[in-house]
Amino acid sequence: MKKLTDSEIKERLTAIDGWEYENNAIHTTFEFNDFKDAFSVMTRIAFEAELQQHHPDWSNVFNKLQISLSTHDAGGITDKDFKLAKTIEDIIEGE
Ligand SMILES: C[C@H](O)[C@H](O)[C@H]1CNC2=NC(N)=NC(=O)C2=N1
C-alpha cells in the first residue's frame with residue numbers, strides 16, 4: 001500500500017471534518033453522553049476495522065474517545081486510513 005505524501009494527506013483531509021494530521025497519523029476525538037455510548041460506537045468501529053483488516057490506535061476515558069490512524073506496515077498514512085476514517089464518520093453520523 002502506497003504511503004501518501006504530505007500534500008496528498010492535506011488534500012484528503014479537506015474532505016473529512018474534524019480530523020488533523022500530526023506525527024505521521026491522522027487524529028480525531030469524540031465526546032459522547034456517557035461510557036456506554038462511547039463503548040457502543042467503539043464496538044461498531046471494531047467490527048468494521050476487522051472487516052477492513054485495518055485497526056485504529058485509540059484510547060477511551062469515560063465518554064471520550066481519541067482515535068489515531070496510520071498504516072504501521074507502510075510507516076505512514078495510506079488510503080486504508082482514509083477509508084477507515086470515512087467508515088468511522090459514517091458510524092458517528094448514524095448515531
Ligand atoms: C496482517 C494484517 O492485515 C496486518 O497486520 C494489518 C492489521 N491491521 C493494521 N492496522 C494498521 N493500522 N496498520 C497496519 O499496518 C495493519 N496491518
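All of the numbers you see were taken from the coordinates with simple rules; none came from a lab. As the structure is a computational prediction, the values presented were derived from the model and not from experiment. Here the Cβ positions follow ideal geometry from the backbone for every residue, glycine too, while neighbour counts run over all protein chains shown.
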Go through segment 52-67 residue by residue and turn each phi into a ³J(HN,Hα) via Karplus (6.51, -1.76, 1.60, θ = phi - 60°); whole Hz please, and just put x for glycine and proline.
-> 7, 6, 8, 10, x, 9, 8, 8, 10, 10, 6, 9, 10, 9, 10, 10
If you take the beta carbon distance between residue 95 and residue 61 as r and set R0 to 25 Å, what does 1/(1 + (r/R0)^6) give as a FRET efficiency, to the nearest 0.05?
-> 0.85
Residue 17 paired with residue 52, simple spin-label distance in nm, labels 7 Å along Cα-to-beta-carbon | 2.0 nm
